[in-house]
Amino acid sequence: MCAPEVQITISLARNAPEAAMKLVRYAALYLLAALVAVLFADGVRTSAAPPASNFVLVAHCGAGDYSKAPAAYIQPRRDALAVAIRQGYKILAAGGASLDAVETTIRSMEDSGLFDAGRGAYYTRAGVPEMDAAIMDGQTLAAGSVACLQHIANPIHLARLVMEKTPHVMLVGAGAEEFAKSQGIELVSPFYFYNEQLWLRYKLAKSAEQKKSGALKLDSNDEHGTVGVVALDQQGNLAAGTSTGGTVLKMPGRVGDSPIIGAGTYANNESCGVSATGTGEFFMRNIVAADICERVRYLHISVEQAANDVVMKELMDQKGDGGVIALDRQGNVTTPFNTTGMMTGTVHLDGNISLKGWSKTAEPIIVSASQ
Ligand code: ASP
């Protein structure tokens, strides 16, 4: 469109005097530059924007039996899971780090009061919650964990601070809470964790225990509510985190698998990231999270096969109930569980959150991440 104009300008200029020639040359150059600019701009507008790198986030909110749970129990938990995943998705979509996405997603679930983590943490036999959490960076293998916390609203945040601000991997009990204070974290009263339903459950379990002469035997398949997240960011880095109040009526001082690096939580860019849920003692004895990752690393099998072999064979043979979420660097996700249910949500860069696992047969529900 502009090329004939350039030719006319140049041919007129041939017979002009010296000064006019200069002017015409500038005009021609200007026109050529404009032509190039228009063509370039057109090219930018019409060619598709480069696709964003792959990123994935997968979260769970506990393994157990939802089969007898009414919709009024399942629905708010599924909604809270989606709300949390949306926050992690936003971070990943903006190019943020998987560690930030993991921490933010877990914090949201801790704050909801609907899960066995943070505000909704189950009570120990002493009638107060004791919480555990861990986070791990798959790029550097840096890890932080905390256990036996009684006054911390967001254990996952404290685990992250242990990782980033101390030379240690794990802090527990009073020492961990002292460290929290030194980092400006306010200690909350046990009433922060009070919730009528949890209290009734605690009283029922206690009276059931008193009626029996032997040790308390709980149906562990009923327990669910631990939360965990694994994420892969656009830079290709994996991170994993888990937060829990542990098992129902656990003994004070009992620590489960969730904060044990390699048992309930693990991430390594060389293999995969894992967060587990279930009766922690089995996951500790079988170093489940690390075992899955190392099978991927040394046996060169898929993350799906590795997780399946560990959860559906090794653990089941020992009657170890629970499940895992696992994600590799290529974005492959797997969520095997040997309980009746394990609620999970997964989101990729397309922004569709797929929620499933409250029953083995229920179809996944898809909700948008951009609400
Ligand atoms: N694994 C947790 C623990 O044993 C409990 C759970 O995931 O339900 O502390």
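Taking into account only those residues within segment 241-255 that are near the ligand (Cβ under 6 Å from one of its atoms) and part of a loop (DSSP other than H, G, I, E, B), which is surrounded by the most Cβ atoms within 10 Å (Cβ to Cβ)? Quick ask: steps written out before the conclusion?
Looking only at segment 241-255, we keep the residues that are near the ligand (Cβ under 6 Å from one of its atoms), and these are 244, 246-247.
Filter again for part of a loop (DSSP other than H, G, I, E, B), leaving 246-247.
Details: 246: 29, 247: 20.
Across segment 241-255, the extreme among qualifying residues is 246.
Give the residue that is surrounded by the most Cβ atoms within 10 Å (Cβ to Cβ), with candidates limited to residues of segment 281-292 that are over 18 Å from residue 230 (Cβ atoms) and within 9 Å of the ligand (Cβ to nearest atom). Explain how you work it out, then say what you get.
Quick first cut of segment 281-292, residues over 18 Å from residue 230 (Cβ atoms) only: 281-282, 284-286.
Going one step further and asking which of them are within 9 Å of the ligand (Cβ to nearest atom), we end up with 281-282, 284.
On the way: 281: 15, 282: 21, 284: 18.
Among them, the one singled out is 282.
Scan segment 78-120 residue by residue and report those that are touching a strand residue (DSSP E or B) at 6+ places or on another chain (Cβ under 8 Å) and more than 23 Å from residue 159 (Cβ to Cβ).
Of everything in segment 78-120, those that are touching a strand residue (DSSP E or B) at 6+ places or on another chain (Cβ under 8 Å) and more than 23 Å from residue 159 (Cβ to Cβ) turn out to be 78, 82.
With the condition being closer than 20 Å to residue 66 by Cβ and assigned by TED's automatic domain parsing to the domain that holds residue 115, I'd like the strands (runs of 3 or more DSSP E) fully within segment 256-365 carrying at least 2 qualifying residues. Spell out the reasoning first.
Working: elements: 265-267, 272-278, 322-328, 341-348, 352-356.
Correct list: 272-278, 322-328, 341-348, 352-356.
Mind checking which residues of segment 111-128 are modelled with pLDDT under 95 and crowded, with 24+ Cβ neighbours inside 10 Å?
122, 123
Residue 343 versus (1) among the aliphatic types (A, V, I, L, M); (2) farther than 28 Å from residue 73 by Cα; (3) touching a residue at least 24 places away in the same chain (Cβ under 8 Å): which is the lone unmet condition?
Failed condition: (2).
Sort out which residues of segment 293-307 are in contact with a helix residue (DSSP H, G or I) (Cβ under 7 Å, 6 or more places away or on another chain) and surrounded by fewer than 16 Cβ atoms within 10 Å (Cβ to Cβ), and write them in order of number.
First pass over segment 293-307, keeping only residues in contact with a helix residue (DSSP H, G or I) (Cβ under 7 Å, 6 or more places away or on another chain): 295-296, 301, 303, 306-307.
301 - this is the single residue of segment 293-307 that is in contact with a helix residue (DSSP H, G or I) (Cβ under 7 Å, 6 or more places away or on another chain) and surrounded by fewer than 16 Cβ atoms within 10 Å (Cβ to Cβ).
Scan segment 332-369 for residues that are closer than 11 Å to residue 85 by Cα, in contact with a strand residue (DSSP E or B) (Cβ under 6 Å, 6 or more places away or on another chain) and hydroxyl-bearing (Ser, Thr, Tyr) and report the count.
Residues flagged as closer than 11 Å to residue 85 by Cα, in contact with a strand residue (DSSP E or B) (Cβ under 6 Å, 6 or more places away or on another chain) and hydroxyl-bearing (Ser, Thr, Tyr) within segment 332-369 amount to 3.
For every residue, the table says whether it meets (1) surrounded by 12 or more Cβ atoms within 10 Å (Cβ to Cβ); (2) modelled with pLDDT of 50 or more; (3) in the same structural domain as residue 245 (by TED's automatic domain parsing).
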residue: 11; (1), (2), (3): no, no, no
residue: 29; (1), (2), (3): no, yes, no
residue: 37; (1), (2), (3): no, no, no
residue: 42; (1), (2), (3): no, no, no
residue: 64; (1), (2), (3): yes, yes, yes
residue: 70; (1), (2), (3): no, yes, yes
residue: 85; (1), (2), (3): yes, yes, yes
residue: 91; (1), (2), (3): yes, yes, yes
residue: 109; (1), (2), (3): yes, yes, yes
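Residues in segment 91-104: is at least one of a type in the set (Asp, Glu) and away from the ligand (no atom under 16 Å from the Cβ)? Steps first, please.
From segment 91-104, those of a type in the set (Asp, Glu) are 100, 103; that's our starting set.
Filter once more, keeping what is away from the ligand (no atom under 16 Å from the Cβ): 100, 103.
For segment 91-104, residues of a type in the set (Asp, Glu) and away from the ligand (no atom under 16 Å from the Cβ): present.
The values are calculated or read from the model by the stated rules, or taken from the named source; none is laboratory data. Bear in mind that the values here come from a model prediction, so they are computed numbers and not experimental data. So basically every Cβ, Gly included, is an ideal-geometry build from the backbone, and we count neighbours across all protein chains shown.
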